[in-house]
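The values are calculated or read from the model by the stated rules, or taken from the named source; none is laboratory data. Quick caveat, the model's predicted, so the values are computed rather than measured. Methodologically, a virtual Cβ is constructed for each residue, glycine included, from the backbone with ideal geometry; neighbour enumeration extends over all protein chains shown.
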Amino acid sequence: MPELPEVETIRKALVPVLEGRRLDRVLARRPDLRRPIPSGFADRLRGRRIVSVKRRAKYLLWTLEDGCTVILHLGMSGRIRVFKGKAPPLETHDHVVFETDDGARICFNDSRRFGLMALADSDRLQDHPLLATLGPEPLGPDFDGDVLAARLKGRRSPIKAALLDQRVVAGIGNIYACEALFHAGISPRRLAATVVGKRADRLAAATRAVLTKAIAKGGASLRDHRQPNGELGYFQHHFAVYGRAGATCPDCDCDAARTGGIRHLVQSGRSTFFCPHRQR
C-alpha cells in the first residue's frame, strides 16, 4: 500500500496540474471501488474549480471552490496517471477520469479496486469518519518525542504494531516503520509504552528524517507505485533494513556471517526487518 511518502509525492505532482484549474469533465466508469462512489459524483464536481490539493495521512484532499472536498485513497494498488496534450486511450482499470480546463487528463487507475473516493463538507472535514480518528502528522511542525510518547502511553503492543496504528501516528506503513525503528535504534519487539524520553525523541526524529528522505526520492516503488508522470520512485534503493534479511545493515559493526545480519520476523501478519545488534 502506498504510504505517506508515496502519497505526498503524488500530491506535489498534482499541485501544478490541478490547483486553480476547473474540472471540465469527470467520468466515473464504474459505480464502486472499495465502497460506492458517491451518488452524482461527476455532476457534483463538473464545472468546479480546485482551490487546493492537500494530504492527510494517506489521503489526498482536493478542495473545491464551492466548499466541497474530494477525499481520495489509493488503496493497495491505486495510482494516478497525468497526461497533458494528447492522451492515450483509457486503460481497463482507469476507473475515474478528470479533465481540466487546460486539457490535462488525470486518471485514477486501480486494478484491485481497494481505493476509494468520497465527498465531504470542507468546513467539517476533520470530523469526517475517514479522518476523525487519525493521529498527528509525523511531518507536522508540532510532532516530537513528547507528542509521540503521549500517543504511546499505556499501549501494551510492540512498538512496530503501534506505529502502524493510524490513530497513533498518521501515514506510517510497514516499510517506514521498519526503517524509522532501525535509525532510532529501537527493537520492533519493544513494548510501545516504554518508548519515552530519549527513545521517543530518537524515534520521532528518525521518523521525520526517513519520511523526508523518501519524499525527496519520489517514494518507494516495490509493486504498483509510480509517480503521476510514470516514473518510478527510488527510495527502495536506500532501504537500510526493509527487504534485506541476511544482509549487513549500514553503519553497523555486527558480523553478518556470525549473527545472520538483518533479521526477518512476522508481527501481526506483517513482515518486520531489523538488526538485533543495533536495535534494543
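Being of a type in the set (S, T, N, Q), without any contact (Cβ under 8 Å) to a residue 60 or more places away in the chain and over 17 Å from residue 72 (Cα atoms) is a property that does not hold for residue 212. Which condition from (1) over 20 Å from residue 214 (Cα atoms); (2) within 23 Å of the chain's Cα centre (by Cα); (3) outside any strand (DSSP E or B) is the one that residue 7 breaks? The number of the failed condition is (1). Can you tell me how many residues in the range 76-98 are of a type outside the set (Phe, Trp, Tyr) and either surrounded by fewer than 19 Cβ atoms within 10 Å (Cβ to Cβ) or over 20 Å from residue 61 (Cβ atoms) (or both)? Selection size over the range 76-98: 13. Considering the conditions (1) buried (at least 18 other Cβ atoms within 10 Å of the Cβ); (2) more than 18 Å from residue 161 (Cα to Cα); (3) modelled with pLDDT of 95 or more, residue 197 is excluded by exactly one of them, (1).
Look at residue 257 and say whether it is more than 16 Å from residue 159 (Cβ to Cβ) and either assigned to a loop (DSSP other than H, G, I, E, B) or among the basic types (Lys, Arg) (or both). Taking the combined requirement at face value, the residue does not satisfy it.
Of all the strands (runs of 3 or more DSSP E) wholly in the range 53-99, which have at least 2 residues that are hydroxyl-bearing (Ser, Thr, Tyr) and under 23 Å from residue 137 (Cα atoms)?
On the way: elements: 59-64, 68-73, 79-83.
In the range 53-99, 59-64 are the strands (runs of 3 or more DSSP E) which contain 2 or more residues that are hydroxyl-bearing (Ser, Thr, Tyr) and under 23 Å from residue 137 (Cα atoms).
Confirm whether residue 114 is surrounded by fewer than 18 Cβ atoms within 10 Å (Cβ to Cβ) and within 26 Å of residue 172 (Cα to Cα). So residue 114 passes the test.
Please work out if residue 211 is buried (at least 16 other Cβ atoms within 10 Å of the Cβ), in contact with a Pro (Cβ under 8 Å, 6 or more places away or on another chain) and modelled with pLDDT of 95 or more.
yes
Does residue 148 qualify as being touching a residue at least 12 places away in the same chain (Cβ under 8 Å), within 27 Å of residue 78 (Cα to Cα) and in a helix (DSSP H, G or I)? Criteria not met by residue 148. Against the conditions (1) more than 26 Å from residue 22 (Cβ to Cβ); (2) modelled with pLDDT of 95 or more; (3) not aliphatic (A, V, I, L, M), residue 109 satisfies every one except (1).
Please verify whether residue 162 is within 15 Å of the chain's Cα centre (by Cα), in a helix (DSSP H, G or I), closer than 26 Å to residue 76 by Cβ and not β-branched (Val, Ile, Thr), treating the condition exactly as stated.
no
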